[in-house]
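One structure below.
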Amino acid sequence: MKCPRLVIDLGKIKKNAIYIKDLCSRNGVEVMGVTKGFCAHPVIAKAFYEAGIRNFGDSRIKNIKKLREAGIQGEMTLIRIPMISESDEVVKWADTSLNSQIEVLEALSSSAVDQGKTHKVILMVDVGDLREGVLPEDLEDLVRDTLKLKGIKITGLGCNVGCFGGVLPTRENTRILVNLAEELQKEFNLSIKVLSGGSTCGISLLEKGELPRGINQFRIGEGILLGRDSTGNRDIPGTYQDTMKLIAEVVELKEKPSVPVGEIGKDAFGNTPIFEDRGIRKRAILAIGRQDVDPENLIPLIRGVEVLGASSDHLILDVTDSEKEVSVGMEFPFRFTYGGMLRLMTSEYVEKVFI
Ligand SMILES: *Cc1c(COP(=O)(O)O)cnc(C)c1O
């Protein structure tokens, strides 16, 4: 079989999706399945669909187009603030987009009018994570200006935590959305249908019974794909974590000193490497590198093995204490983080195999 390859277990992803969807729906929350972590590969999107997900979100319009062209049926939402330069495409391919900026909304409005469509928007509110969104006190002005635009319909409010600032979701910061929706109802007689309360990390609020009433959507990627909540640094109980693995091939196996010989300059990426002298060690080189994945995001599935680092195309492991005999030509297995998945899915040099 081809190496390197990503082996993706569609059955386990589907089970994760069903589990999370049921957990959410018992609490009145709909799941938007977020597809950006796997470049919206239609085979995986289909597993989401088979689990009952009818609402898809991606940060790139190319991915949404890919889903549509693959015949995936459902509501499609662009979950990154659109670029003004792509507003025609956004209106053409997405039903809804997340927004926070009046200039962008004006561009979407003009595209919507040109195309004779109504484009739905969810206005993002920054509740503390300092990524996208208007500050709560500025929402009213944004709504007032948006309501003047033709071809645009405000359908919801959203917030995002656990991304840039690593802020954890709480009852208090999530309730900001509910309160704002009530205020908008009073001020503008505006009925807000969707309160999109966050991503995978919001599941912990559900589990603790702390999700404010009124929040009715979560945008979930990682929880379904890897059964992980990185922000909360935990596995999600009831889900599978072994949904995907990476297989890479060993191309060199030698005993070498643990400190390089010669004067140290910069490594291939401009960093000055630091080495600890651990004597002579047995090292394996695998045919995969930073072009495909960050070595920091790989977790060897053979105990006792340590990732030492990588250059563009070579991954170096210390296998001195490996529990299993390592040999040249061997197919070596890894797990990985969300960041690892993102890069591995994106690399065209990594074969995707579905089981
Ligand atoms: C990526 C993203 C998500 C999904 O995050 P996960 O942690 O993978 O669940 C949700 N909302 C927005 C705006 C995103 O960019």
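The values are calculated or read from the model by the stated rules, or taken from the named source; none is laboratory data. Quick caveat, the model's predicted, so the values are computed rather than measured. Positions of Cβ are backbone-derived with ideal geometry, glycine not excepted, and every protein chain shown enters the neighbour counts. For accessibility, only protein heavy atoms count, side chains too; no ligands or nucleic acids. Shrake-Rupley method; radii C 1.70, N 1.55, O 1.52, S 1.80 Å.
A few notes on this one:
- Annotation for the stretch 219-228: at least one member residue is within 14 Å of the ligand (Cβ to nearest atom), in contact (Cβ under 8 Å) with a residue 24 or more places away in the chain and open to solvent by 50 Å² or more (accessible area, probe 1.4 Å).
- Within the stretch 312-333, residues that are at negative phi sit with their Cβ atoms under 6 Å from residues that are of a type in the set (Gly, Ala, Ser) and part of a strand (DSSP E or B), at 6+ positions apart or across chains, in these pairs: Ile316/Gly309; Leu317/Ala284; Val319/Ala284; Val326/Ala284; Phe332/Ala248.
- In the stretch 331-349, the residue that is most open to solvent (accessible area, probe 1.4 Å) out of those that are within 19 Å of the chain's Cα centre (by Cα) and away from the ligand (no atom under 16 Å from the Cβ) is Glu348.
- Of all the criteria given as (1) out of contact with any helix residue (DSSP H, G or I) (no Cβ under 6 Å at 6 or more places or on another chain); (2) crowded, with 18+ Cβ neighbours inside 10 Å; (3) part of a loop (DSSP other than H, G, I, E, B), the one not satisfied by Gly209 is (2).
- Checked against (1) within 15 Å of the ligand (Cβ to nearest atom); (2) of a type outside the set (A, V, I, L, M); (3) closer than 25 Å to Met341 by Cα; (4) open to solvent by 20 Å² or more (accessible area, probe 1.4 Å), Asp58 passes all but a single condition, namely (4).
- Condition met for Ile224 (modelled with pLDDT under 95 and in a helix (DSSP H, G or I)): no
- Residue among Glu276, Glu296, Glu252, Glu263 that alone is among the charged types (D, E, K, R) and under 29 Å from the mean Cα position of the chain (by Cα): Glu296
- Residues of the stretch 113-126 that are open to solvent by less than 20 Å² (accessible area, probe 1.4 Å) and part of a loop (DSSP other than H, G, I, E, B): Asp126 alone.
- When Arg303, Arg283 are checked against the criterion of being part of a strand (DSSP E or B) and farther than 30 Å from Ile79 by Cβ, Arg283 stands alone in meeting it.
- Checked against (1) modelled with pLDDT of 95 or more; (2) touching a helix residue (DSSP H, G or I) at 6+ places or on another chain (Cβ under 6 Å); (3) open to solvent by less than 20 Å² (accessible area, probe 1.4 Å), Pro169 passes all but condition (1).
- Flag for Gly158 being within 13 Å of the ligand (Cβ to nearest atom), in a strand (DSSP E or B) and within 24 Å of the chain's Cα centre (by Cα): yes
- When residues of the stretch 84-110 are limited to those that are away from the ligand (no atom under 14 Å from the Cβ) and out of contact with any helix residue (DSSP H, G or I) (no Cβ under 8 Å at 6 or more places or on another chain), the one nearest to Gly33 (Cα to Cα): Asp95
- Taken over the stretch 6-22, the criterion of being open to solvent by 20 Å² or more (accessible area, probe 1.4 Å) and either of a type outside the set (Asp, Glu) or touching a His at 6+ places or on another chain (Cβ under 9 Å) (or both) is satisfied by Val7, Leu10, Gly11, Lys12, Lys14, Lys15, Ile18, Tyr19, Lys21.
- Count of residues meeting criterion [assigned to a loop (DSSP other than H, G, I, E, B) and within 16 Å of the ligand (Cβ to nearest atom)] in the stretch 173-206: 3
- A Cβ distance below 6 Å, combined with a sequence gap of six or more or placement on separate chains, defines the contacts here; from the stretch 174-200, residues that are without any contact (Cβ under 8 Å) to a residue 60 or more places away in the chain reach residues that are of a type in the set (Asp, Glu) in the pairs Thr200/Glu222; Thr200/Asp229.
- Total residues in the stretch 229-256 satisfying the condition of being closer than 24 Å to Val43 by Cα, in contact with a helix residue (DSSP H, G or I) (Cβ under 9 Å, 6 or more places away or on another chain) and in contact (Cβ under 8 Å) with a residue 60 or more places away in the chain: the figure is 9.
- Unique residue being at pLDDT 95 or above, in a loop (DSSP other than H, G, I, E, B) and crowded, with 16+ Cβ neighbours inside 10 Å when the list is Leu142, Leu149: Leu149
- Complete set of residues in the stretch 234-263 that are acidic (Asp, Glu) and within 16 Å of Ile299 (Cα to Cα): Asp235, Asp242, Glu249
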